[in-house]
Amino acid sequence: MNDLDLSAHWMPFTANRQFKKNPRLLVKGEGVHYTDAEGRKIFDGLSGLWTCGAGHGRKEINEAITSQLNTLDYSPGFQFGHPLSFELANKVVELTPSGLDKVFFTDSGSETIDTVLKMARGYWRNKGQPSKTKFIGRHKGYHGVNFGGLGVGGIGFNRKLFGQTVEADHIPHTVLEENKFSRGMPENGAHLADELEELVLLHDASNIAAVVVEPMSGTSGVLPPPRGYLDRLRQICDKHDILLIFDEVITGFGRMGSYSGAEEFGVMPDMMTVAKQITNGAIPLGAVVVKSEIYDIFVESGGPDYMVEFPHGYTYSAHPVACAAGIAALDLLVREDLVQRVKEMSSFFEESIHTLRSAPFVTDIRNYGFAGGISLEHYPGEPLRRPFELGVKCFEKGYYVRWGGDTVQLAPPFVSTKDQIDSLINVVGESLNELAKS
Ligand SMILES: Cc1ncc(COP(=O)(O)O)c(C=O)c1O
């Protein structure tokens, strides 16, 4: 690989200068491991990018993809269909909470968010309430990188270069001093949902289309919802006739130990987004899942039946190969009972990650299901540096973890063994100790 020219590829969400001086190239994935360009085995401590819970190189998924490619490699998604998208939609409906009955396919999390925002505005306009256009997101929320998702998102670093986005305001995040080192759902913070009432007073519900939150934020360093918080958001949305959208791009299909955050936390949104785990990462695919009522209003308002009811969609929406991958990946999750496995092993993961409490620089640890976030003491004026140093050190030791903001995130594959989880945690601890000595 030494003669590979790295100069042309402008890499996404990557420190290009640092990477190209010291590349971390992965060339193979099998089970819970990658192999890098030097032939070293690397434990996948983030399941790809929260995508590959069932492990890499799953034969069932790969065979479904290959067979689909050889049968129907592409079919136009506008005005024509193929059977697999209907089959996959039915599976998605089975695995998401009952009441969410209609599925619209996209190709990524970011597209899914922008799709759901357009659906929410279209819904209100079709209902004769066109002033309901504003969105309420949450500070520290991550909803991808397109303009809609940026607008409802709450991570300043991701937004500041890009100017105006959609009309959005934000409720506070739920990171509280008194919740530090909570296990699972923190006890304090349900009251923070009441801040939504303040924004309703400010903007008026007649101007608000929807509230958009991740049931558990992953990108901001794993922030499980405080007890009672999501229920309170639901109540306030009901009171003011505002749609509640759960962005389940990370929490959908197993990471929480349930098929969705909505199921795990017992709160029903009006609309939900999924992506990542839906194909186990093998092919890009996302989906919006909504209550029938939302679909019905579009259909009823659609004019003569030859008219398109929702003028939206992507060239690759419901791509047949992606649908084949989705069907195989969801079948595999169910057949191997991997979501139940996460539920059963989540207390083990919790115990293990919290042993890092006394490690150098650790200021907080949060966890839920197979997701853990560790916050680290900042270098003066450089909050992003220590997580980067930790991530690189772990990689040198054969472990991949994700760094972002002042945190590192861990999300081991659902198929990880207890020994593998313990080794991952030990390597993080060992690396922190070495950083403290350097
Ligand atoms: C909650 C959430 N929404 C949206 C996205 C964006 O997904 P994508 O990177 O596939 O566009 C992500 C990605 O991490 C996410 O975590």
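The values are calculated or read from the model by the stated rules, or taken from the named source; none is laboratory data. Keep in mind that what you see is a predicted model, and the values were worked out from it rather than measured. FYI the Cβ positions are ideal-geometry reconstructions off the backbone, even for glycines, and counts take in every protein chain you see. Areas reflect the complete protein model, heavy atoms only, side chains present, ligands, DNA and RNA absent. Shrake-Rupley method; radii C 1.70, N 1.55, O 1.52, S 1.80 Å.
General remarks:
- Any hit, the range 379-395, residues being hydroxyl-bearing (Ser, Thr, Tyr), over 19 Å from ASN22 (Cβ atoms) and not in a loop (DSSP other than H, G, I, E, B): yes
To keep it simple, each residue is scored yes or no on (1) modelled with pLDDT of 95 or more; (2) within 16 Å of the ligand (Cβ to nearest atom); (3) on the phi < 0 side of the Ramachandran plot; (4) of a type in the set (Phe, Trp, Tyr).
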| position | (1), (2), (3), (4) |
| --- | --- |
| GLY261 | yes, yes, yes, no |
| ALA282 | yes, yes, yes, no |
| TYR295 | yes, no, yes, yes |
| ASP305 | yes, no, yes, no |
| THR315 | yes, no, yes, no |
| ARG335 | yes, no, yes, no |
| GLN340 | yes, no, yes, no |
| ILE353 | yes, no, yes, no |
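- Residue in the range 115-138 that is under 24 Å from ILE327 (Cα atoms), out of contact with any Asp or Glu (no Cβ under 9 Å at 6 or more places or on another chain) and either open to solvent by less than 60 Å² (accessible area, probe 1.4 Å) or more than 16 Å from the ligand (Cβ to nearest atom) (or both) present: yes
- Lone qualifier among ALA287, ALA324 - being more than 16 Å from the ligand (Cβ to nearest atom), crowded, with 16+ Cβ neighbours inside 10 Å, outside any loop (DSSP other than H, G, I, E, B) and small (Gly, Ala, Ser): ALA324
- When VAL408, VAL415, VAL428, VAL362 are checked against the criterion of being surrounded by fewer than 21 Cβ atoms within 10 Å (Cβ to Cβ), touching a residue at least 12 places away in the same chain (Cβ under 8 Å) and within 22 Å of GLY29 (Cβ to Cβ), a single residue qualifies: VAL415.
Conditions tested, residue by residue: (1) touching a Gly at 6+ places or on another chain (Cβ under 9 Å); (2) open to solvent by 30 Å² or more (accessible area, probe 1.4 Å); (3) among the aromatic types (Phe, Trp, Tyr).
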site	(1), (2), (3)
GLN18	no, yes, no
PRO23	no, yes, no
GLU30	yes, yes, no
ILE42	yes, no, no
HIS56	yes, no, no
GLU60	no, yes, no
GLN68	no, no, no
THR71	no, yes, no
PRO83	no, yes, no
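- The residues of the range 227-254 include none that are open to solvent by 10 Å² or more (accessible area, probe 1.4 Å), away from the ligand (no atom under 13 Å from the Cβ) and touching a Gly at 6+ places or on another chain (Cβ under 6 Å).
- GLY149 meets the conditions (1) within 15 Å of the ligand (Cβ to nearest atom); (2) in contact with a Lys or Arg (Cβ under 9 Å, 6 or more places away or on another chain); (3) not β-branched (Val, Ile, Thr) in every case but one. The failed one is (2).
- Inside the range 151-164, residues that are crowded, with 24+ Cβ neighbours inside 10 Å and of a type outside the set (Gly, Ala, Ser) make up a count of 1.
- Residue match in the range 255-263 (condition: open to solvent by 10 Å² or more (accessible area, probe 1.4 Å) and either of a type in the set (S, T, N, Q) or in contact with a strand residue (DSSP E or B) (Cβ under 9 Å, 6 or more places away or on another chain) (or both)): no
- When LEU192 is tested against (1) part of a helix (DSSP H, G or I); (2) surrounded by fewer than 22 Cβ atoms within 10 Å (Cβ to Cβ); (3) within 16 Å of the ligand (Cβ to nearest atom); (4) of a type in the set (A, V, I, L, M), just one condition goes unmet, and that condition is (3).
- Failed condition for PHE86, given (1) aromatic (Phe, Trp, Tyr); (2) touching a Lys or Arg at 6+ places or on another chain (Cβ under 8 Å); (3) more than 16 Å from the ligand (Cβ to nearest atom): (2)
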